[in-house]
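Visitor: Before we start, here is the structure in question, set down as structure tokens.
The values are calculated or read from the model by the stated rules, or taken from the named source; none is laboratory data. Every value quoted in this text rests on a predicted model; they were computed, and no experiment measured them. Here the Cβ positions follow ideal geometry from the backbone for every residue, glycine too, while neighbour counts run over all protein chains shown.
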Amino acid sequence: MGKVSDLYRQRVADGRIRPDPAQQSMLPHLDRVLDDIAVAPAPEKRSAWRAFLGVGSPPPAPAARGLYLWGGVGRGKSMLMDLMAEAATVPARRVHFHEFMQEIQAGLNRARQRGDQDTVRPVALEVAAQVRLLCFDEMQITDIADAMIVGRLFQVLLEQGVVIVTTSNRVPEDLYKHGLNRQLFLPFIDLIRQRMEVVCLDSQTDHRQGRTAGGQVWFCPADAAARTAMDGIWDELTQGAAVAPQRIAVGGRSFDLPQVAAGVGRTGFWDLCGTPLGPADYLALSRAVKVLMIDAIPRLSASNYNEAKRFVTLIDALYEARVRLVASAADQPEQLYNEGEGSFEFERTASRLREMQDADWGR
Ligand SMILES: Nc1ncnc2c1ncn2[C@@H]1O[C@H](COP(=O)(O)OP(=O)(O)OP(=O)(O)O)[C@@H](O)[C@H]1O
Ligand SMILES: [Mg+2]
């Protein structure tokens, strides 16, 4: 395919993206990774089993240095990473951190059932056998179990010659900041610094914001005009990206967000608040998307107290995670739940919903 910088220039020339000097300054770093992979000796192909048993070949030579691309929201980190995966000429995989960890958890369970001592190693070897370049979008570490797994996972992947590129909103030193037993996590930060070049995408522009800023994000009533407006925003935000349902897993349970593309999720009110979901589910959802679009929020009353309560919990989770919300609703936030238990508490939700409509929200 070639260079990331060529693809970027092509996209600008096609009018698909606007030139952004901060993004352009990242291009040599992205090109460098692909160049290094091209000249680095390819690790000898070993089956996962042979590698696991340590037979059949010498330890792989140290591979090219990866890249840790961090910066504020909507700056274009994921977009640049996509270009890189597209430009790569070696087996590459681009995956969202959250999704990848679910896959790893499933592998760990299998390894546990087999009674393996080091459960992470065989799982990491399986991944390493398939790819040379692993693009890991949105690394975020929120608990010590994840922290330990990711540390060990990276160690084995790197040892196997996999080149890792990740995006994150935080500088490595701030990963899992203030987390419990954080000292156990510190060697992982050293590993990142050693094996990955750390660069900051310091752009002035939040490209996502530009698309909804000044624009309406709350449409009422939820009629055909609202639907058309919501469809327009969806098209604008996703720009033809592949749409697929996303499985959100929490503590052994899971639910599907029906439509997800380019970090934007879309769902109907009843799918989200009419089913028995709780705070942990909404928190996981808030971590999985940057923008959530909810169609047809109804007027709520004492007769659907449970749905109203879930809606309050959902908005709290979205608010904490600073997820951008675009919605169609029967009425203005203040008029959605005026009677019944919890209507007093709903005032806070209404106020949050107002704040979340602000053009600056989510920055
Ligand atoms: N130069 C650009 N011109 C036009 N649109 C852009 C440009 N860069 C990024 N975008 C678009 O802006 C949106 C946000 O970009 P992207 O998702 O890559 O940001 P990000 O840095 O990964 O944000 P986050 O930290 O929230 O994940 C995407 O829809 C992307 O296609
Ligand atoms: Mg991103």
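Visitor: Quick test for you: out of Asp256, Asp223, Asp271, pick the one residue that is closer than 24 Å to Asp137 by Cα, surrounded by fewer than 18 Cβ atoms within 10 Å (Cβ to Cβ) and charged (D, E, K, R).
Guide: Answer to the selection: Asp256.
Visitor: Which of the residues that make up the range 230-260 are within 16 Å of ligand 2 (Cβ to nearest atom) and farther than 24 Å from Ala106 by Cβ?
Guide: Leu237, Thr238, Gln239, Ala241
Visitor: Give the residue, chosen from Gly179, Gly161, that is buried (at least 20 other Cβ atoms within 10 Å of the Cβ), more than 16 Å from ligand 2 (Cβ to nearest atom), outside any helix (DSSP H, G or I) and in the same structural domain as His98 (by TED's automatic domain parsing).
Guide: Of Gly179, Gly161, the one residue that is buried (at least 20 other Cβ atoms within 10 Å of the Cβ), more than 16 Å from ligand 2 (Cβ to nearest atom), outside any helix (DSSP H, G or I) and in the same structural domain as His98 (by TED's automatic domain parsing) is Gly161.
Visitor: Let me ask another. Across the range 70-85, which residue is nearest to ligand 1 (Cβ to nearest atom) among those that are part of a helix (DSSP H, G or I) and of a type in the set (A, V, I, L, M, F, W, C)? Give the steps one after another, and end with the answer.
Guide: To start, the set of residues in the range 70-85 that are part of a helix (DSSP H, G or I) comprises 77-85.
Restricting the remaining residues to those that are of a type in the set (A, V, I, L, M, F, W, C) gives 79-81, 83-85.
Values: Met79: 3, Leu80: 7, Met81: 8, Leu83: 10, Met84: 12, Ala85: 13 Å.
Across the range 70-85, the extreme among qualifying residues is Met79.
Visitor: Sticking with this one: I'd like to verify a number: residues in the range 127-145 that are part of a helix (DSSP H, G or I) and either surrounded by fewer than 20 Cβ atoms within 10 Å (Cβ to Cβ) or in contact with an Asp or Glu (Cβ under 8 Å, 6 or more places away or on another chain) (or both), how many?
Guide: 4
Visitor: Next up: Say whether the condition of being under 26 Å from Asp331 (Cα atoms), in the same structural domain as Leu285 (by TED's automatic domain parsing) and surrounded by 17 or more Cβ atoms within 10 Å (Cβ to Cβ) is met by at least one residue in the range 238-253.
Guide: No.
Visitor: Pick from the range 229-245 the residues that are away from ligand 1 (no atom under 12 Å from the Cβ) and either modelled with pLDDT under 90 or in contact with a Phe, Trp or Tyr (Cβ under 7 Å, 6 or more places away or on another chain) (or both): which of them is nearest to Glu99 (Cα to Cα)?
Guide: Ala242
Visitor: Can you find a residue in the range 324-332 that is aliphatic (A, V, I, L, M) and in contact with a Gly (Cβ under 8 Å, 6 or more places away or on another chain)?
Guide: No, the range 324-332 has no match at all.
Visitor: Further question: Somewhere in the range 103-123, is a residue part of a helix (DSSP H, G or I), under 29 Å from Arg247 (Cα atoms), within 16 Å of ligand 2 (Cβ to nearest atom) and touching a Lys or Arg at 6+ places or on another chain (Cβ under 7 Å)?
Guide: Within the range 103-123, none of the residues are part of a helix (DSSP H, G or I), under 29 Å from Arg247 (Cα atoms), within 16 Å of ligand 2 (Cβ to nearest atom) and touching a Lys or Arg at 6+ places or on another chain (Cβ under 7 Å).
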